[in-house]
Amino acid sequence: MLYDKWENFLNYSALMPGVAQAVKKFIETADADTANGSYDSGVDGVKISVFDSATTADYQDAVWEIHQEYADIQTLLAGKEINFCRSPEGLTPKMEYDEKNDYQLFYSEKSDDLQLTLQPGRFAVYLPNEAHITSFALDGTSQPIKKIVFKVHKSLIK
């Protein structure tokens, strides 16, 4: 898991050669008015989704998620959210792994989770098989958010 400011994103380009510039270019043109939808990254193995959502106010409503084939690079264009990250060891599956959509959900079980605040200007990278909860309410009150998720195939990560 990585967490930093966008101004430092290219410092991590050695981890994703050929991907970092495409991601940075999209971020530099995106804002809260960017239309929801899927975008072409110009790089095979990199998908871009922009969408509106809302934060979850109750931890019990949250679910842990893992991906096996893709890493997530997540950021917000509007709003703030809390994210949690942890090892998937000890989590109880809520569903079988969905190979077509590359995800598996787990019940919310609190442990020594790493917690971070995602907001415009910051990003988080969740590597394959890192459990994460996103879109959690900052102050216990649900709020609207606008998010970008870049899906980066594991073959592009060093």
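Taking the range 130-158 as the range and being of a type in the set (A, V, I, L, M), surrounded by fewer than 17 Cβ atoms within 10 Å (Cβ to Cβ) and part of a strand (DSSP E or B) as the test, only 149 passes. The condition of being on the phi < 0 side of the Ramachandran plot and small (Gly, Ala, Ser) holds for only one of 135, 53, that being 53. Can you tell me how many residues in the range 82-136 are at pLDDT 95 or above, aromatic (Phe, Trp, Tyr) and touching a helix residue (DSSP H, G or I) at 6+ places or on another chain (Cβ under 8 Å)? The number of residues fulfilling the criteria is 1.
Sort out for me the strands (runs of 3 or more DSSP E) sitting completely within the range 1-112 that have 1 or more residues that are free of Cβ contacts under 8 Å to residues at least 40 places away in the same chain and surrounded by 13 or more Cβ atoms within 10 Å (Cβ to Cβ).
37-40, 104-106
The values are calculated or read from the model by the stated rules, or taken from the named source; none is laboratory data. The model shown is predicted, which means the values in this text are computed figures rather than measured ones. Cβ: placed from backbone, ideal geometry, glycine included. Neighbour counts: every protein chain shown.
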